[in-house]
Amino acid sequence: MDGQIQRKERRGIHEIVKAKARIVCLTAYTTSVARLLDPHVDMILVGDSVGMVVYGFDNTLSVTLDMMIAHGAAVMRGSSRAVVIVDLPYGTYEESPEQALRSASRVMQETGCSAVKLEGGAEMAPTVARLVKEGIPVVGHIGLMPQSIEKIGGFKVQGRDEAQAEKLKGDARAIAEAGAFAIIVEGTVEPVAKDITQSISIPTIGIGASVACDGQILVTDDILGLTGKSLRFVKRYAGLDEAISKAAENYAADVRARRFPGPEHCFQAK
Ligand code: KIV
């Protein structure tokens, strides 16, 4: 029920589609971070990057549907305005449109989110069409697809040669025609991102895909300096790594020197 009340106040997906420009997205996995992002962003993605960022996995392949549902529900509880999208994790949708429908229905019902996201090009178009037909809004994800890193041989920029560029453009068209309302374009070069953005009517949301995309998304922990990574396509907006480390150092010094807790932190007897 809570989910339904929150959804009434939320921005509609139609507003995102209509904008087709300057769409602001970030990832969140927890209630507290969602609460902080919600006033500032159009969309919050509960990405399966949670596996690497929160659980310390080497890639996203070990993330389960139950994990995504738990984090999706947490983000919904912390947000009331942004459109919240939850990733379908590896192994929960690729087998068939029916498998995808079962997984996506659970995500929608158990989190109350606005839409699901799935990775894949033209080969996933029938699955996208099936979900959309059943009333489940879908965001596509093409280019560098983290769930396919084994297949593409690591985190490699896509679309640098003519054949790959043509494939990417075909993938974008197929996913848009299948009814996705937006598409994440990850890890490609500006001319390809530009061609894709100009050739489809739905918004493109780039990550490592240049300013040519309609909107941008980044992993929040990367921009806060919490993942210890220095990635070319990421801009750091805060140094929370240093702030957290300093806070822990100061706390440890206070406890060891008996400066904490002080009288102001203690309960008084009657
Ligand atoms: O899982 C994720 O966070 C993503 C974004 C990086 C686009 O898919």
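The values are calculated or read from the model by the stated rules, or taken from the named source; none is laboratory data. The structure presented is a predicted model; accordingly, all values stated were derived computationally and were not measured. Please note: Cβ atoms are built from the backbone with ideal geometry, for glycine as well, and neighbour counts cover all protein chains shown. Side chains included, ligands, DNA and RNA excluded: accessible areas come from the protein's heavy atoms. Shrake-Rupley method; radii C 1.70, N 1.55, O 1.52, S 1.80 Å.
A few comments on the model shown:
- Per the listing Ile223, Ile207, the residue uniquely closer than 12 Å to Ile142 by Cα and within 16 Å of the ligand (Cβ to nearest atom) is Ile207.
- The condition of being farther than 17 Å from Asp48 by Cα and open to solvent by 10 Å² or more (accessible area, probe 1.4 Å) holds for only one of Leu101, Leu131, that being Leu101.
Conditions tested, residue by residue: (1) without any contact (Cβ under 8 Å) to a residue 60 or more places away in the chain; (2) closer than 24 Å to Gly154 by Cα.
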| residue | (1), (2) |
| --- | --- |
| His14 | yes, no |
| Val17 | no, no |
| Ser32 | yes, no |
| Pro39 | yes, no |
| Asp48 | no, yes |
| Tyr55 | yes, yes |
| Asp58 | yes, yes |
| Ser62 | yes, yes |
| Asp66 | yes, no |
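- Elements of type strands (runs of 3 or more DSSP E) contained in segment 133-227, each with 3 or more residues being touching a residue at least 40 places away in the same chain (Cβ under 8 Å): 138-143, 182-186, 215-218
Here's the yes/no breakdown for (1) more than 16 Å from Ser148 (Cα to Cα); (2) outside any helix (DSSP H, G or I); (3) more than 16 Å from the ligand (Cβ to nearest atom):
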| residue | (1), (2), (3) |
| --- | --- |
| Met68 | yes, no, no |
| Pro89 | no, yes, no |
| Glu98 | yes, no, yes |
| Val107 | yes, no, no |
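- Selected residue (criterion: least open to solvent (accessible area, probe 1.4 Å)) from residues of segment 162-200 that are of a type in the set (Asp, Glu) and more than 23 Å from Arg130 (Cα to Cα): Glu186
- Among the conditions (1) out of contact with any Gly (no Cβ under 7 Å at 6 or more places or on another chain); (2) at pLDDT 95 or above, Asp161 misses just one, which is (2).
- Evaluation of Phe57 against (1) buried (at least 16 other Cβ atoms within 10 Å of the Cβ); (2) farther than 23 Å from Asp214 by Cα (one fails), failing number: (1)
- Apart from one condition, Arg102 fits all of (1) in contact with a Ser or Thr (Cβ under 9 Å, 6 or more places away or on another chain); (2) within 29 Å of Pro39 (Cα to Cα); (3) away from the ligand (no atom under 16 Å from the Cβ); the exception is (2).
- Scanning segment 1-41 for residues that are assigned to a loop (DSSP other than H, G, I, E, B), modelled with pLDDT under 95 and not hydrophobic (A, V, I, L, M, F, W, C) yields Arg10, Arg11, Gly12, Lys20, Arg22.
- Flag if Val63 is within 14 Å of the ligand (Cβ to nearest atom) and part of a strand (DSSP E or B): no
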